[in-house]
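Written out below as structure tokens is the structure these notes cover.
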Amino acid sequence: MNRAYRNKVEFSLIHWTVEQDGYLIENHSLSLAELQKRLPFTEDQIIQRKERLGLFRRERQLKRL
């Protein structure tokens, strides 16, 4: 299968600031409930952003070490 089709790009209408991205990157290990308290986004929006930033992949890579 062609890679372009596999990694379908979805554009989000939600705008994250650099500060919000930084907070999410630094505190990615917090639970979704904690992140929702501190960030003005829904659980689904936080999950989508973590996927976009590659935080789930990074977490899996760190678990292998």
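Please treat every number below as a calculation from the coordinates, not as lab data. Quick caveat, the model's predicted, so the values are computed rather than measured. All Cβ positions, glycine included, derive from the backbone under ideal geometry; neighbour counts span all protein chains shown.
Starting from segment 44-65, take each residue that is closer than 15 Å to Ser31 by Cβ and list its partners that are assigned to a helix (DSSP H, G or I) and charged (D, E, K, R), counting only C-beta distances under 8 angstrom and pairs at least six apart or across chains.
Phe56/Lys50
Taking segment 17-55 only, how many residues are assigned to a helix (DSSP H, G or I), under 12 Å from the mean Cα position of the chain (by Cα) and surrounded by 12 or more Cβ atoms within 10 Å (Cβ to Cβ)? Lay out the reasoning, then the answer.
So the first thing to find is which residues in segment 17-55 are assigned to a helix (DSSP H, G or I), and the list is 18-26, 32-38, 43-53, 55.
Within this subset, residues satisfying the condition of being under 12 Å from the mean Cα position of the chain (by Cα) are 20-26, 32, 35, 43-53, 55.
Imposing the further condition that a residue be surrounded by 12 or more Cβ atoms within 10 Å (Cβ to Cβ) reduces the set to 20-21, 23-25, 32, 35, 45-53, 55.
Qualifying residue count, segment 17-55: 17.
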